[in-house]
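K.L.:
Handing you a structure now.
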Amino acid sequence: MTLAFIPSPAHGVVYLGPIPLRGYAFCIIIGVFVAVWLGNKRWIARGGRSGTVADIAVWAVPFGLVGGRLYHVITDYELYFSEGRDWVDAFKIWEGGLGIWGAIALGAVGAWIGCRRRGIPLPAYADAIAPGIAIAQAIGRWGNWFNQELYGKPTDLPWALKITSSADGRVPGTYHPTFLYESLWCIGVALLVIWADRRFKLGHGRAFALYVAAYCVGRFWIEYMRVDDAHHILGLRLNDWTAMGVFLLAVIYIVISAKIRPGREEIVEPGAGDDDTSKAEGDDADPRDKAEVEAEDNAEAKAEDDAEVETEDKAAVEAEDKAEVKAEAEDKAASDDAESTEAAEDEAADKDEANGEAGATKAGKR
C-alpha cells in the first residue's frame, strides 16, 4: 500500500473559452524564456551585447522544435504510421513528443545561421546558453507530468507518481516519476556547468560539451527505468545507445578542444566593447564620474578661450610693433633724404662759391 505519492493532474489542458491552454506547451514556453534570460546574462558577462541571445534564439528555437519532433516521429513512427493510426497526429506537438537529441541537433543549425548573420562564433554562443538549456529541459519535463507520460517502473516509494489515465495503453497505478528525476538531474547539470565554467574558464564550446556529457550520464540511467514502448538494440533502449554515443563525442571534443584552443575567447561579439565604453561615458555612468568629466571639459574649454584671447593679444602687439618699425623706417628714410638734400645743397653752394672766387681772381688778373 502506497502511503504517499505525487498526484497527476486530472487534465493536461484548460480551456479559456474556445482557446486550449495546454500544460505541456506552457512548460516549453517557460523553459525557453528562462534559457534566453540566463543565456543573455552569461553572454553579457562574456563581453557580448544584450539582446543578442534572443535574436539568435529566434532562429534556434523553431529549428529545435522541428528537430525534436522529427526525432520523436522517426524513432516512434509506429505511433503515427502504423495500421489504425492517423499520420496527421505527427504534427500535434502539443500532445507531447519531443526528442532532445533532435532538438539540440537541429537547434544548433538554427543557432549557427543566427550566429553567422551576426558574425559570432557558434561555440562561444553555445557556452553561454548551455546552463539555460539544461534548466529549460528541467522545466519542460513537467509537461510530461501534465500528459501523464514517460514514467518509470512500478514502485510504492513516497515520491511515486500516481497515474490515473488508461488511454493509449496506460495502466493506472504508482510508478517512478522519471520526469522528476530528469528535471532534478538537469538542474544539477546546469549548476555543474556554471561552477566548472567559473572555475576553469571554459571556452570554445567546452562548457556546452560538458552540459551534453553530464546530461547523457543522467539520461542513460533514467531511460533505463522507463517502461513506455521503445525500440531496443541488444537489450538496451535506442535512447540509451544514443546517450552513450553522444557522451563519447562530447568527451572527445572537450579533450581535443582543450589541446587545440586552450583558454576562453577574448572577443565573443565584434564591436561589443565599443558599446560598453560609450555606455560608460553616457547617461548610465556614475554621476560623480560624469561631474568630473564635465569639470574637465569646462576647464579645457576655458583654457582654449584663454589661449585664443592670448593669441589675439599677441597678434595685436605684433601688429603694433610692425607698425612702429615701419614708421621708424619711414622716418629714417625721410631723414636720410633730407640730409642727402641738404648735403647736395651745401655742396652746390660751395661749388658756386668756388666758381665765384675763381671768376673774381681771373678778372683781377685781366
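The values are calculated or read from the model by the stated rules, or taken from the named source; none is laboratory data. Small disclaimer: the values here were computed from a predicted structure and weren't measured. With ideal geometry, Cβ positions are generated from the backbone for all residues, glycine too; neighbour counts draw on all protein chains shown. Please note that ligands, DNA and RNA were not included when accessible areas were found on the heavy atoms of the full protein model with its side chains. Shrake-Rupley method; radii C 1.70, N 1.55, O 1.52, S 1.80 Å.
K.L.:
With the condition kept exactly as written, say whether any residue in segment 19-30 is of a type in the set (Lys, Arg) and open to solvent by less than 80 Å² (accessible area, probe 1.4 Å).
P.N.:
Scanning segment 19-30, I find at least one residue that is of a type in the set (Lys, Arg) and open to solvent by less than 80 Å² (accessible area, probe 1.4 Å), so the answer is yes.
K.L.:
Among the residues of segment 232-259, count how many are over 29 Å from the mean Cα position of the chain (by Cα), modelled with pLDDT of 95 or more and small (Gly, Ala, Ser).
P.N.:
2
K.L.:
A further question follows. Are there any pairs with C-beta distances below 8 angstrom linking a residue in segment 239-255 that is on the phi < 0 side of the Ramachandran plot and among the aromatic types (Phe, Trp, Tyr) to a residue that is part of a helix (DSSP H, G or I) and open to solvent by less than 40 Å² (accessible area, probe 1.4 Å), with the two at least 6 apart or on different chains, and if so which?
P.N.:
So the pair list comes out as PHE247/VAL212; PHE247/ALA213; PHE247/CYS216; TYR253/ARG206; TYR253/ALA209.
K.L.:
Please list, ordered by first then second residue, the pairs with beta carbon atoms under 7 Å, 6 or more apart or interchain, first in segment 73-101 and on the phi > 0 side of the Ramachandran plot, second surrounded by 11 or more Cβ atoms within 10 Å (Cβ to Cβ) and outside any loop (DSSP other than H, G, I, E, B).
P.N.:
Close Cβ pairs (under 7 Å, with a partner that is surrounded by 11 or more Cβ atoms within 10 Å (Cβ to Cβ) and outside any loop (DSSP other than H, G, I, E, B)) amount to GLY96/TYR24; GLY96/GLY143; GLY96/ASN144; GLY96/ASN147; GLY97/ARG69; GLY97/HIS72.
K.L.:
Would you mind finding the one in ILE163, ILE56, ILE93 that is of a type outside the set (Phe, Trp, Tyr) and under 22 Å from the mean Cα position of the chain (by Cα)? Let's see the steps before the verdict.
P.N.:
Working: ILE163 fails: under 22 Å from the mean Cα position of the chain (by Cα); ILE93 fails: under 22 Å from the mean Cα position of the chain (by Cα).
Unique residue meeting the criteria: ILE56.
K.L.:
Looking at segment 15-66 only, could you name the residues that are of a type in the set (Ser, Thr, Tyr) and without any contact (Cβ under 8 Å) to a residue 60 or more places away in the chain?
P.N.:
Once the filter is applied, which keeps residues that are of a type in the set (Ser, Thr, Tyr) and without any contact (Cβ under 8 Å) to a residue 60 or more places away in the chain, segment 15-66 yields TYR15, SER50.
K.L.:
Just checking, how many residues over segment 153-173 are hydrophobic (A, V, I, L, M, F, W, C) and either open to solvent by 40 Å² or more (accessible area, probe 1.4 Å) or in a helix (DSSP H, G or I) (or both)?
P.N.:
Qualifying residue count, segment 153-173: 4.
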